[in-house]
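Values quoted throughout were computed directly from the atomic coordinates according to the rules given, and no laboratory measurement underlies them. Predicted model, so just to flag it, every value in this text is computed and none were measured. All Cβ positions, even for glycine, are placed from backbone atoms using ideal geometry, and neighbour counts span all protein chains on display.
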Amino acid sequence: MLTHQQLLDALPHCLDKTDFPSLGQKYDGKVRDVYLQDGRRVLITTDRVSAFDRILGLIPYKGQVLNQL
């Protein structure tokens, strides 16, 4: 379990956007960034949190946890 201080320390390092032009055409979703190239789809889950079609902020490690499920 992470401590409160560890979470505070992680806030400046949250993944809020990606920029990988070599992966192809980029589409921004509410929580995920999607790249399409040559029939291949790459989904990257960020730390963004959304509700009611609005991005509300960032939660440290959210993308990592969603990918591990």
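With a ≥ b ≥ c taken as the square roots of the eigenvalues of the C-alpha gyration tensor of segment 29-69, please select rounded if a/c is under 1.5 and otherwise prolate if a/b is larger than b/c or oblate if it is not?
It is oblate, given that a/c is not under 1.5 and a/b is not larger than b/c.
In percent, how large is the relative contact order of the chain, given Cα pairs closer than 8 Å and 6 or more residues apart?
27
Based solely on its DSSP helices, what 222 nm [θ] is calculated for the chain when runs of n ≥ 4 H residues each add -39,500 (n - 2.57) and the sum is averaged over all residues, nearest 500 deg cm²/dmol?
Mean residue ellipticity, 222 nm, calculated: -5000 deg cm²/dmol.
Which of the chymotrypsin sites (Phe, Trp or Tyr not before Pro) found in the chain are in a DSSP loop and have at most 11 neighbouring Cβ atoms, other than their own, within 10 Å?
Filter output for the chain: Phe52.
Which residue, Gly57, Gly39, Gly29, tops the fluctuation ranking in a GNM of the chain built on C-alpha contacts under 10 Å?
Maximum fluctuation in the GNM of the chain, among the listed residues, is at Gly39.
Rg and Dmax of the chain, using alpha carbons, in Å: what are they?
Over the chain's Cα set, Rg and Dmax evaluate to 13.5, 43 Å.
Between Val65 and Tyr27, what FRET efficiency follows from the Cβ-Cβ distance if R0 is 25 Å, with the result rounded to 0.05?
0.65
Which of Asp16, Asp28, Asp47 ends up with the largest GNM mean-square fluctuation for the chain, with Cα atoms connected below 10 Å?
Comparing Asp16, Asp28, Asp47 in a Gaussian network model of the chain, the most mobile one is Asp28.
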